[in-house]
Structures are given as structure tokens and as C-alpha cells.
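J.: This structure is in C-alpha cells; I'll ask about it shortly.
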Ligand SMILES: Cc1cc2nc3c(=O)[nH]c(=O)nc-3n(C[C@H](O)[C@H](O)[C@H](O)COP(=O)(O)OP(=O)(O)OC[C@H]3O[C@@H](n4cnc5c(N)ncnc54)[C@H](O)[C@@H]3O)c2cc1C
């Protein structure tokens, strides 16, 4: 684990409450897709000693880092108010649970809720860039269409032969919505995933979603060792 200095090169509005930050870093950060870094804001009095976790969404081996950050509370609001040229400190990489690279030979199912998509954006970008042969199914759940992060890119990636992207919405579902209506449950999984027990499952999202998926996958008979789970939860937070 190392500490890196970074400067914001570019910000982009991703959704109404998610921004992409392209950050130039002094040294290349050697991470594996699925890993995250801790971020601090040295130019901000309130947050120069605070660190918060955010996941790399780009693929490794670049002199920049890309993060997609959802506005939740004071720290992420301060980040959303930052501009190109502003300084950040990054520590990392961290994380093992959601790591995905060429050492993974299994077919995988990624289940994401909301901003829990970030590790899988990096993983799917990586798989596509290396032409990895693994079959990848992404089940991506959001409340509304407006909450879907990186929709256009996922649509393009989902056209590849071995990558399937399936969206689900739980609220304000448009009349002609072609994806899943409601939560990702047992029926949804049995309809969209062939041989679920043979797949390697990655789950990332809000704790209630992660808990419910754990139960459902257990019911279906997916062995626990084929489950890789990251609670999108900061230790100590409700
Ligand atoms: C390993 C890891 C990787 C992460 N990667 C990303 C990422 O790539 N993009 C991203 O947008 N977010 C990510 N997060 C979540 C992100 O770190 C938090 O949303 C952020 O730290 C919130 O800080 P804040 O001060 O703005 O909000 P806070 O003031 O800390 O919280 C605001 C409100 O949101 C609630 N809250 C905050 N964080 C969480 C949480 N994680 N789970 C449940 N409730 C919460 C608080 O209880 C509070 O009500 C990640 C979290 C972890 C643990």
C-alpha cells in the first residue's frame, strides 16, 4: 500500500448525484480491477485528515485514476464541489473480495446495487480490453432509470458475445421498460442465469441487498466459497 498525490484532470456528471473524477497521479497505481483506494482532501480543512473508500473504475496501468462518486454526505458533497486542478491524496490499493483479472477462469455473475456497480465497471472494461473468454452476466439494480450509472457504456459492452447486461428497477418503472421489474430475487436469477451453482458470484451494493442476495444464493445451492461479497458499508455506519 502506497500514498499518491493526485490532481483532478476532469470531472463529468454521470447521473443526478454521481460524478466521475479523472485524477492524474504522480505514480502509476498498480491495482487489480475490483480494488479500491482511500481518498483524502488536503485542501479542505474539514477533511484533510479524513479518508473515505472509493473504487477504481478505470483499468490498471495508466497515469490516471478514474473514480465515480455518489453524493451521500459531507465528504462526497465536498468532492462534488471540487474542480480540475484541485489536489487529492490517495492511499491504496485495498481489497481482495471483488478482485477480477486473468487469474479468474470461471464464468461470473456480477450483482450490483446503485453505486455498487463501480468495481464491475473496472472488471468489465478489463475483461473487454483483454478479450477475456469468461462468460460475464451483470445484474444491475437501481431505483429509477435516472440512477443508472454508466448506462451507455454498459450497453455497448453488453453487446459483446460473452457479456450480458441486465438492468432491474425497483421504483418509477417506465411503461415500456425491457429490464427486470423489482428486486433481483430467486425467480430473476433462475430465469437469467444458467447453471447458477457453477458460476462465481460477485455481489456489491447496499447492505440490505447484499444480505438478501446471500440468502437467495444459499437457497439456490450456490456454495459459499463461490460467493464474493463486499458490503457497501463504512465500518460503524448504520
Ligand atoms: C470498499 C468500499 C468502496 C467504495 N467505493 C465507492 C465508489 O466507488 N463510489 C461511491 O460513490 N461510493 C463508494 N463507497 C461508499 C463511499 O465510501 C461512501 O458513500 C462515502 O464514504 C460517504 O461519505 P460521506 O461523508 O459523503 O457521507 P457520510 O456523511 O459518511 O454519510 C451520509 C449518509 O449516508 C450513509 N452512508 C454513508 N456511506 C454509507 C455506506 N457505505 N453504506 C450505507 N450507508 C452509508 C450514512 O449513514 C449517512 O446517513 C465505497 C465504500 C466502501 C466500503
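All of the numbers you see were taken from the coordinates with simple rules; none came from a lab. A quick note: this is a predicted structure, and the numbers were derived from the prediction, not measured. With ideal geometry, Cβ positions are generated from the backbone for all residues, glycine too; neighbour counts draw on all protein chains shown.
J.: What do you get for the angle between helix 118-129 and the principal long axis of the chain? Use alpha-carbon atoms, 0 to 90 degrees, nearest ten.
T.: Relative to the chain, helix 118-129 is tipped by roughly 80 degrees.
J.: Compactness ratio of segment 1-134: Cα Rg over 2.2 N^0.38 Å, N = residue count? The partial results should precede the final answer.
T.: Working: Rg = 14.6 Å, N = 134, 2.2 N^0.38 = 14.1 Å.
The reported ratio for this selection is 1.03.
J.: Over the Cα atoms of segment 51-96, what Rg and Dmax result, in angstrom?
T.: Taking only Cα atoms of segment 51-96, I get Rg and Dmax of 11.5, 31 Å.
J.: Stokes-Einstein at 37 °C, 0.692 mPa s, Kirkwood radius from Cα pairs: D for segment 58-156 in µm² s⁻¹? Don't skip to the answer; put the middle values down first.
T.: Working: Rh = 15.4 Å.
So the translational diffusion coefficient is about 213 µm²/s.
J.: Ranked highest first by the average count of other Cβ atoms within 10 Å around their residues, in what order do 169-177, 145-153, 111-119 fall? Can you show the working numbers first?
T.: Numbers: 169-177: 11.9, 145-153: 16.7, 111-119: 25.6.
Averaged packing, sorted descending, gives the order 111-119, 145-153, 169-177.
J.: Kindly state, as a whole number, the per residue volume in cubic angstrom of the convex hull around the alpha carbon atoms of segment 122-238.
T.: Working: hull volume 15.3 nm³, N = 117.
Cα-based convex hull of segment 122-238, divided per residue, equals 131 Å³.
J.: Next question. I need the P(r) histogram for the chain: all alpha carbon pairs, bin width 10 Å from 0 out to the longest distance, whole percents.
T.: 7, 33, 37, 19, 5, 0
J.: Measure nothing but the geometry: give the 0 to 90° angle between the long axis through the Cα atoms of 207-220 and the longest principal axis through the Cα atoms of the chain, rounded to 10°.
T.: 30
J.: Something else: Please work out how much length the chain gains when fully extended from residue 219 to residue 192, using 0.36 nm per residue of separation minus the C-alpha to C-alpha distance, in nm with one decimal.
T.: Numbers: separation 27, 0.36 × 27 = 9.72 nm, distance 1.63 nm.
Net length gain for the segment: 8.1 nm.
J.: Could I ask something else about it? Using only alpha carbon pairs under 8 Å that are at least six residues apart, calculate the relative contact order of the chain and give it in whole percent. Please list the in-between numbers first.
T.: Details: 487 pairs, mean separation 43.6, N = 238.
The normalised contact order for the chain reaches 18 percent.
J.: Could you tell me the relative contact order of segment 97-220? Use alpha-carbon pairs under 8 Å, at least six residues apart, and round to a whole percent. Intermediate results must be reported in sequence, preceding the final value.
T.: Values: 174 pairs, mean separation 38.1, N = 124.
Over segment 97-220, the number comes to 31 percent.
J.: Which whole-number percent of Cα pairs in segment 177-229 have a distance greater than 16 Å? Intermediate results must be reported in sequence, preceding the final value.
T.: Working: 532 of 1378 pairs.
Percent of Cα pairs beyond 16 Å in segment 177-229: 39.
J.: Hey, what did segment 2-66 get for relative contact order, percent, Cα under 8 Å, at least 6 apart? Each step should come with its number before you reach the end.
T.: Numbers: 107 pairs, mean separation 20.8, N = 65.
It comes to 32 percent, rounded to a whole number.
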